Amino acid sequence: WVPECHTIPGTRFLVDFFGPPSRDIPASTAPFRILTHFHADHYKGLTRTFSGGTVLASPVTARLVSERLKLPAAKLRVLPMDTPVEIDGVSLTLVDANHCPGAAMVVAQPPGGRPPVLHTGDCRLGEHMR
């Protein structure tokens, strides 16, 4: 079971969900895990032995995950900021969350005409959000 706040409905993505309950979710069910920023309450459970799929993160967050947690490069994919990227039929765009270096909100456009989803992670209102 995954709390809805960690899902992008209609997709195989989870957001900021690496802790013990997530270990029961096979990578085949949710092969993509988005990390919004490098704060322990968001990456809790993410270690170098993580086997739950590919971790997607902004350039700054990905570098911190690689350097501090020693997650192998094969398990990490860097997503550019402010540029839509299609993965598994879902368009993902990372937008500055104005929270800490590398923090990103995720705008996801699921397939099949589903409505877009905004995962804010932790964010702070800024002029760039208008």
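The values are calculated or read from the model by the stated rules, or taken from the named source; none is laboratory data. Model, not experiment: these values are computed from the prediction. When we count neighbours, we look across all protein chains shown, and the Cβ atoms used for this are built from the backbone with ideal geometry, even at glycine.
So Thr93 clears everything in (1) touching a helix residue (DSSP H, G or I) at 6+ places or on another chain (Cβ under 7 Å); (2) crowded, with 18+ Cβ neighbours inside 10 Å; (3) not hydrophobic (A, V, I, L, M, F, W, C) except one condition, right? Which one?
Evaluating Thr93 over (1) touching a helix residue (DSSP H, G or I) at 6+ places or on another chain (Cβ under 7 Å); (2) crowded, with 18+ Cβ neighbours inside 10 Å; (3) not hydrophobic (A, V, I, L, M, F, W, C) leaves (1) as the failure.
Return the pairs, sorted by first residue and then second, in which the second residue is loosely packed, with under 13 Cβ neighbours inside 10 Å and of a type in the set (A, V, I, L, M), the first residue lies in the range 62-84 and is assigned to a helix (DSSP H, G or I) and at pLDDT 95 or above, the beta carbons are less than 8 Å apart, and the residues are 6+ apart or on different chains.
Qualifying pairs under 8 Å: Ser66/Ala73.
Please state which of the following conditions Leu118 fails to meet, knowing it meets all the rest: (1) surrounded by fewer than 17 Cβ atoms within 10 Å (Cβ to Cβ); (2) of a type in the set (A, V, I, L, M, F, W, C); (3) not in a strand (DSSP E or B).
(3)
Would you check which residues across the range 40-58 are assigned to a loop (DSSP other than H, G, I, E, B) and either in contact with a Lys or Arg (Cβ under 9 Å, 6 or more places away or on another chain) or among the hydrophobic types (A, V, I, L, M, F, W, C) (or both) and list them?
Result: Gly45, Leu46, Thr47, Arg48, Phe50, Ser51, Gly52, Gly53.
Read through the list (1) surrounded by 15 or more Cβ atoms within 10 Å (Cβ to Cβ); (2) of a type outside the set (Asp, Glu); (3) assigned to a loop (DSSP other than H, G, I, E, B); (4) touching a residue at least 24 places away in the same chain (Cβ under 8 Å), then give the number of the only condition that Gly112 fails.
So Gly112 meets the others, but not (1).
Just checking, how many residues over the range 32-41 are in contact with a Gly (Cβ under 7 Å, 6 or more places away or on another chain) and within 17 Å of Thr7 (Cα to Cα)?
Selection size over the range 32-41: 4.
For the range 3-39: of the residues being part of a loop (DSSP other than H, G, I, E, B), in contact (Cβ under 8 Å) with a residue 24 or more places away in the chain and aromatic (Phe, Trp, Tyr), which is surrounded by the fewest Cβ atoms within 10 Å (Cβ to Cβ)?
Only one residue fits best here, namely Phe18.
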